[in-house]
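Report on the following structure.
Where a number appears in this text, it was derived from the coordinates with a stated rule and is not lab data. In this text the structure is predicted, and so the values were computed from the model without any measurement. All Cβ positions, glycine included, derive from the backbone under ideal geometry; neighbour counts span all protein chains shown.
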Amino acid sequence: MAVDATSSVTSSTSTSSSSSAQSKATLNYDNFLQLLIAQMKNQDPTDPMDASEQVAQLATFSQVEQTIQTNTKLDTLLASSSLTQASSYVGKYMESADGTVKGVIDSVKVYSDGIIATTTDGDKILVQAGITVADEAPSSSS
């Protein structure tokens, strides 16, 4: 059973992109707080900002931050699911969607945008809608 190490690259890629999304969200959240403080410092004393409006703005940004964290966890779950799916193809017979490539799968590589299966003959099949997967090659009847 050969699942290529590229799959760990996918996990680290999604983790690093998630980390950058989190840092952007943190940066945006920090920027918002800085703007809010500046707004409070420079507000018109005769017409101060409504406290309920401030709380509503903070709550909105808190929800955005929570949503980004949820998306990060979903990305991790999807990467794990792709690895499980990919490993199940090893040793199975697969035929490409267009029928031009077929054979028993020797190894798989998981990328951030899909799975490439390599047959025992060295041919590559993109795992996508329309492929055929079977436990063994179909018998050719004429």
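The length gained on full extension between residue 107 and residue 70, counted as 0.36 nm times the residue separation minus their Cα-Cα distance, comes to 10.1 nm.
Working from label points 7 Å from Cα in the Cα-to-Cβ sense, the residue 133 to residue 33 distance is 4.6 nm.
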